[in-house]
1. It is to be established whether one or more residues within segment 3-14 are assigned to a helix (DSSP H, G or I) and among the polar types (S, T, N, Q).
2. Considering only residues that are under 17 Å from residue 34 (Cα atoms) and hydroxyl-bearing (Ser, Thr, Tyr), look in segment 128-144 and name the one that is surrounded by the fewest Cβ atoms within 10 Å (Cβ to Cβ).
3. Determine which member of the set 69, 125 is surrounded by 14 or more Cβ atoms within 10 Å (Cβ to Cβ) and farther than 30 Å from residue 25 by Cβ.
4. On the given criteria, is residue 86 touching a Phe, Trp or Tyr at 6+ places or on another chain (Cβ under 8 Å) and either part of a helix (DSSP H, G or I) or under 19 Å from residue 35 (Cα atoms) (or both)?
5. Being assigned to a loop (DSSP other than H, G, I, E, B), closer than 21 Å to residue 124 by Cβ and either without any contact (Cβ under 8 Å) to a residue 12 or more places away in the chain or in contact with a strand residue (DSSP E or B) (Cβ under 9 Å, 6 or more places away or on another chain) (or both) is the filter here; which residues of segment 24-78 pass it?
6. Could you tell me whether residue 119 is charged (D, E, K, R), farther than 28 Å from residue 29 by Cα and either in contact (Cβ under 8 Å) with a residue 24 or more places away in the chain or in a helix (DSSP H, G or I) (or both)?
7. Filter segment 74-100 for residues that are over 26 Å from residue 29 (Cα atoms), surrounded by 16 or more Cβ atoms within 10 Å (Cβ to Cβ) and hydrophobic (A, V, I, L, M, F, W, C) and give the result.
8. Return the residues of segment 106-142 that are under 26 Å from residue 87 (Cα atoms) and modelled with pLDDT under 90; say none if nothing qualifies.
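The values are calculated or read from the model by the stated rules, or taken from the named source; none is laboratory data. What you are looking at is a predicted structure, and each value in this text was computed from that prediction instead of being measured. Cβ coordinates were reconstructed from backbone atoms using ideal geometry, including for glycine residues, and neighbour counts include every protein chain displayed.
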Amino acid sequence: MTELAKKRPEFRNINAFKDLTTYRMTPAAWVSILHRASGLIMFLLLPFIIWMFDTSVSSEISFAKFAAVFNIGVGFVPGWFIKLVALALIWSYLHHFTAGLRHLWMDVSHSAVTKEFGKSSAFVVLAISIALTLVLGAKLFGLY
């Protein structure tokens with residue numbers, strides 16, 4: 001065995017109780033996990049999306065009820081909580097969309113896929129999705 005082979009690290013399975021507290025994921029891993037989580041959030045909130053679309057375009061009266069839900073709430077659920085759910089939906093869509101564009105770009109340009117590109121594009125996806133969510137969240141909560 002050569003000296004180089006002795007110095008190489010040995011990778012084994014991760015122990016969930018011992019290693020997960022010290023395991024450091026790369027930005028690309030975070031984007032991948034959040035891409036899946038955002039898809040799940042959008043799927044789970046699909047009834048809310050359908051309700052929002054239906055009540056916002058049915059009539060003027062239903063649109064007024066739709067707008068009132070975001071201001072005063074519905075039933076025991078306050079309006080600020082409905083806005084938080086809508087903000088989660090906004091983030092999940094924006095993150096899923098930008099991460100999907102990243103994955104498509106990596107599929108199209110096989111030669112451009114490197115560790116550096118994966119890291120930098122992951123940071124770009126996170127920055128764009130968070131920045132756009134903050135802008136739209138400020139609009140949703142009436143800051144401008």
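1. So in segment 3-14, the residues assigned to a helix (DSSP H, G or I) come out as 3-7.
Filter once more, keeping what is among the polar types (S, T, N, Q): none.
Scanning segment 3-14, I find no residue that is assigned to a helix (DSSP H, G or I) and among the polar types (S, T, N, Q), so the answer is no.
2. Checked segment 128-144; the qualifying residue surrounded by the fewest Cβ atoms within 10 Å (Cβ to Cβ) is 133.
3. On the way: 125 fails: farther than 30 Å from residue 25 by Cβ.
Answer to the check: 69.
4. Numbers: touching a Phe, Trp or Tyr at 6+ places or on another chain (Cβ under 8 Å): yes; either part of a helix (DSSP H, G or I) or under 19 Å from residue 35 (Cα atoms) (or both): yes.
In short, yes.
5. First, pick out the residues of segment 24-78 that are assigned to a loop (DSSP other than H, G, I, E, B): 24-26, 45, 58-59, 73, 75-76, 78.
With closer than 21 Å to residue 124 by Cβ added as a condition, the list becomes 24-26.
Of everything in segment 24-78, those that are assigned to a loop (DSSP other than H, G, I, E, B), closer than 21 Å to residue 124 by Cβ and either without any contact (Cβ under 8 Å) to a residue 12 or more places away in the chain or in contact with a strand residue (DSSP E or B) (Cβ under 9 Å, 6 or more places away or on another chain) (or both) turn out to be 24, 25.
6. Working: charged (D, E, K, R): yes; farther than 28 Å from residue 29 by Cα: no; either in contact (Cβ under 8 Å) with a residue 24 or more places away in the chain or in a helix (DSSP H, G or I) (or both): yes.
In short, no.
7. 82
8. 142 - this is the single residue of segment 106-142 that is under 26 Å from residue 87 (Cα atoms) and modelled with pLDDT under 90.
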